[in-house]
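The values are calculated or read from the model by the stated rules, or taken from the named source; none is laboratory data. Just so we're clear, the structure is a prediction, and the values are computed from it rather than from any experiment. Because the Cβ atoms are built from the backbone with ideal geometry, glycine has one as well, and the counts that use them run over all protein chains shown. With ligands, DNA and RNA removed, areas are computed over all heavy atoms of the protein, side chains included. Shrake-Rupley method; radii C 1.70, N 1.55, O 1.52, S 1.80 Å.
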Amino acid sequence: MLRQLHISGLGVLHDLDLEFDPGLNVLTGETGAGKTMITVGLALALGGRGSVTMVRAGSRAARVQARFDAPPEAEGTGWTEDGELILARSVGADGRSSARVGGELAPVSALAGLAASLVEMHGQHQGLRLLSQAAQTDFLDRFAGAEHLRRVTAFRQLHLELASVRDRLEVLAAASREQERQIDLLAYQVREIEAAGIRPGELADLESEESRLAHAETLVDRSETALRALSGDSSGPEGLSSAAAALEEAGRVDPPADELARRARSLAEEAADLAREVRGYREAVELDPERLDEVRERIQALRALERKYGEREEEVLAYLEEARTGLASLAGSNDERQRLAGQAEELDARTRTLAEELSAARADASPRLAAAVQEELRELGMDGATVEVVLRGLPEVGSGGMERVEFLFSAGSGQLPLPLAKVASGGELSRTMLACRSVLVDLDDVPTLVFDEVDAGIGGRAAAAVGRRLARLGRVRQVLVVTHLPQIAAFADRHVRVEKKAGSASAFVLEGSERVAELSRMLSGLPASETAALHAEELLAEAAKAKRGRVGAARTGGGPARRGSRDAGS
C-alpha cells in the first residue's frame, strides 16, 4: 500500500509531505485548494504523462516521491529495501523528465510497469472508462475468473498471430502479379544466357579468328612470298647451309672462322625451322566464307548479351548466377504463400474454437455479473436500478472474440434498459463505477484504490451509501478519496484537510473537534456554526455506528490517528 507521498513544485503544491494509513483516507478542502493535484502527483509517480505546465511558477521542476510496501513483482529486482519500494519522478521547467525506482535511474515505463500492481486510480472522469465496450468486455472477463482470463490471453495471442499471417499473405498477394512478371523476365534472361553457352575469353578468340578469315587471301599470299624467300636458290636454308659448310672448312685452317661457321649453322637451322612453320601457317589459313559468317554472327550475339548483362563474358556469367538466384527466390515466395495459407487456415480454426469457448464462458458469467452489480447498486441506495450484461454478436471474429459486451442500465421500474452511456446521470454513473469496483475487489490484488471526485452528481442518502461502501472497501484495501461531501468524509479512518494560503497548499490530519469543524464547513460553509456542528457530530456518530455494525471495525494502522501538517509554502 501507499505509505508516504512527497510533492514539490507541482501547481499549488510547493512542498507537501503526506503519510497514509490502511483503510479509508479522505482528502477534503475548498475547491482549488490542491486536493486533486495530490492525485496528479501520485499519477506522475506511477508513470503518468507529465507536462511543463504542471511545474509551479518559479520552480525548476515538479518532483514527486511515493513510498509503497513492495509488491511481489519488485522482489529480486534490487529496487526494494526493507520491504519498501520508492518511486520518484521529476518534470523540469525546461521539459526534461527523469524517473527513479529505488533510487536508481529508470525509464518512465518502469514506473508504469509497476503501477498496475500498486494503485488503481479513478479520476474525475474515470467513470467514462466504464462506458467503453472494451472496458465492459474486460470487466466481464475479469469477473469470469482466472482460468477464463488465461483463455482470453491465449485467444488474443492466437488472433494476433493470425492477423500477422494474413497481413503477410496480403503483402505477398499484392506483390504476386509483379513477381510473376519478374519471374518471366528472369526465366527468359536465364534461358537466353544459358542458350548462348558463352565462356570467358571466347569473344577475343572469335575476333582473332574473324580477322584471320576476313584476310585469308592476303595472309596466304604473304606467307607464300615469305616461304619462297626462305626456300629460294640465292637464300633460304639451303644457301645458309652451304655457307656454314664453307666456313667450317675455313675454320679448320683459320680458327677465327669457326665462330662464323657456328653462326651460319645456327641461322641455317633457324631458317629451316621458320620455313616449316611458315608452311604450316600458310596451310592453316583457310579461305572459308561460311565459317567467317558464322564467326561474325557469334560475335554479334555475344556483344548483344554484353550490352544487356555486362561488359565482358565474366560479367554476363555473373549476371546469369544472380538471375538464377533471383528466380529461385521468387519461386520460393510461391512456396511461402502456400505455407502461410495453410498456417492461416490452421490458426483460424484454433482461433474460432477458442472464441467459442470464450463465448460460452461469457454467456455463463454475464447474468451473475449483472446480479452482483445490481446488488451493489442497491447497497448504494439505487434500489430500483437494474443492470443487464448482454452479448452482441460480431459479424466476424475480432481481437476480443465473437461478441462485444454491453451494459444496459435502467434507473427504475417502467424504464427500458438502455446502454449505460445513454441513460446514466453523472451520479448514477459514479455509483455504478463504484459498484463495479466493489464487485472486482475480490478478483484482484491491487492494494490501493484512489477515487477523485467519485461523488460527482450525488448527495444526501446516496452520498451516505457511497460513504458506507467506501468504508467497506477500506476493510480490504487502502482507499484514498478526494471528496466535497461530508457524508463521505464522515466515514474516514484518516481525514486530511488541504487548504491554500498565499498560493501554496498545506495539509493537516484532522482529529476530534477539527473533524467536526471541517464537516461543518462542508455542510454549511460555516466552520463555527453550532447548528452545522451538531449535524457534523451526528454524521460522525452515524458513520461510526455503521462501521461498527454493518461495516465492521475499520483498520486505523499502527495505533491512534496522528495529527500533523506540512506547510506547502515553507
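Residues that are open to solvent by 20 Å² or more (accessible area, probe 1.4 Å) and either at pLDDT 90 or above or not aliphatic (A, V, I, L, M) (or both) within the stretch 404-425 comprise R404, E406, S413, G414, Q415, P417, P419, K422, S425, listed in sequence order.
The conditions of being in contact with a helix residue (DSSP H, G or I) (Cβ under 7 Å, 6 or more places away or on another chain) and at pLDDT below 70 are met by G251. Can you tell me which residue is most open to solvent (accessible area, probe 1.4 Å) among those in the stretch 529-551 that are touching a residue at least 24 places away in the same chain (Cβ under 8 Å) and closer than 13 Å to I488 by Cα? It comes out as E542.
Among the residues of the stretch 518-528, those that are open to solvent by 30 Å² or more (accessible area, probe 1.4 Å) and over 52 Å from the mean Cα position of the chain (by Cα) comprise S524, L526, P527, A528. Cβ-Cβ distances below 7 Å connect the following pairs, each with a first residue in the stretch 371-390 that is of a type in the set (V, I, T), a second residue that is assigned to a loop (DSSP other than H, G, I, E, B) and surrounded by fewer than 20 Cβ atoms within 10 Å (Cβ to Cβ), and a separation of six or more residues or different chains: T386/P417. Taking each residue of the stretch 188-205 that is closer than 9 Å to L317 by Cα and touching a residue at least 12 places away in the same chain (Cβ under 8 Å) and looking for partners that are open to solvent by less than 60 Å² (accessible area, probe 1.4 Å) and charged (D, E, K, R) with beta-carbon atoms closer than 8 Å, six or more apart or interchain, yields I198/E313; R199/E313; P200/E313.
Selection of first residues in the stretch 77-91 that are free of Cβ contacts under 8 Å to residues at least 40 places away in the same chain and of second residues that are of a type in the set (K, R) and part of a strand (DSSP E or B), restricted to Cβ pairs under 7 Å at least 6 apart or on distinct chains, gives the following pairs, ordered by first then second residue: I86/R67; S90/R63.
Looking only at residues that are among the β-branched types (V, I, T) and at pLDDT below 90 in the stretch 71-89, which one is farthest from V55 (Cα to Cα)? Selected residue: T77. Of the strands (runs of 3 or more DSSP E) that lie entirely inside the stretch 445-521, those containing 1 or more residues that are polar (S, T, N, Q) span 448-452, 478-482, 504-510. Scanning the stretch 315-353 for residues that are open to solvent by 80 Å² or more (accessible area, probe 1.4 Å), in contact (Cβ under 8 Å) with a residue 12 or more places away in the chain and more than 29 Å from the chain's Cα centre (by Cα) yields a single hit, R324. Per this entry, F508 is not counted among residues that are buried (at least 24 other Cβ atoms within 10 Å of the Cβ) and not charged (D, E, K, R). Being modelled with pLDDT under 90, farther than 27 Å from R56 by Cβ and touching a Leu at 6+ places or on another chain (Cβ under 6 Å) is true of A532. When residues in the stretch 375-393 are screened for being part of a loop (DSSP other than H, G, I, E, B), surrounded by 17 or more Cβ atoms within 10 Å (Cβ to Cβ) and modelled with pLDDT under 85, 3 of them pass.
Take V152 and decide whether it is buried (at least 17 other Cβ atoms within 10 Å of the Cβ), under 21 Å from the mean Cα position of the chain (by Cα) and in a helix (DSSP H, G or I). It is true that V152 is buried (at least 17 other Cβ atoms within 10 Å of the Cβ), under 21 Å from the mean Cα position of the chain (by Cα) and in a helix (DSSP H, G or I). Against the test of being closer than 30 Å to L347 by Cα, at pLDDT below 95 and small (G, A, S), the options A116, A174, A110 yield a single qualifying residue, A174. Candidates are the residues of the stretch 68-99 that are of a type in the set (G, A, S) and under 17 Å from A112 (Cα atoms); the one that is surrounded by the fewest Cβ atoms within 10 Å (Cβ to Cβ) is S98.
Being at pLDDT below 85, open to solvent by 50 Å² or more (accessible area, probe 1.4 Å) and among the polar types (S, T, N, Q) narrows it down to one residue among Q157, Q182; which is it? That would be Q182, the only listed residue that is at pLDDT below 85, open to solvent by 50 Å² or more (accessible area, probe 1.4 Å) and among the polar types (S, T, N, Q). Given the criteria within 15 Å of A216 (Cα to Cα), of a type in the set (K, R) and surrounded by 15 or more Cβ atoms within 10 Å (Cβ to Cβ), does R298 qualify? Here the answer is no, as R298 does not meet what is asked. Of the candidates E396, E356, the single residue that is over 21 Å from F143 (Cα atoms), within 29 Å of the chain's Cα centre (by Cα) and either assigned to a strand (DSSP E or B) or of a type outside the set (S, T, Y) (or both) is E396.
Of all the listed residues (R49, R63), the sole one being basic (K, R), surrounded by fewer than 18 Cβ atoms within 10 Å (Cβ to Cβ) and over 30 Å from A471 (Cα atoms) is R49. Candidates in the stretch 461-496 are the residues that are closer than 20 Å to M121 by Cα and charged (D, E, K, R); of these, the one that is most open to solvent (accessible area, probe 1.4 Å) is R475.
Within the stretch 185-223, the set of residues being within 23 Å of L320 (Cα to Cα) and open to solvent by less than 40 Å² (accessible area, probe 1.4 Å) comprises L186, A187, Q189, V190, I193, A196, I198, G201, E202, L203, L206.
Candidates are the residues of the stretch 271-290 that are part of a helix (DSSP H, G or I) and open to solvent by 80 Å² or more (accessible area, probe 1.4 Å); the one that is nearest to Q189 (Cα to Cα) is E290.
The set of residues in the stretch 44-95 that are small (G, A, S) and within 15 Å of V108 (Cβ to Cβ) comprises A45, G47, G48, G50, S51, A61, A62, A66, A88, S90, G92, G95. Take the conditions (1) farther than 15 Å from L140 by Cβ; (2) outside any strand (DSSP E or B); (3) touching a residue at least 24 places away in the same chain (Cβ under 8 Å); G414 misses just one of them, which is (3). Test L358 against the criterion of being open to solvent by less than 30 Å² (accessible area, probe 1.4 Å), aliphatic (A, V, I, L, M) and under 30 Å from V165 (Cα atoms), and give yes or no. Here the answer is yes, as L358 does meet what is asked.
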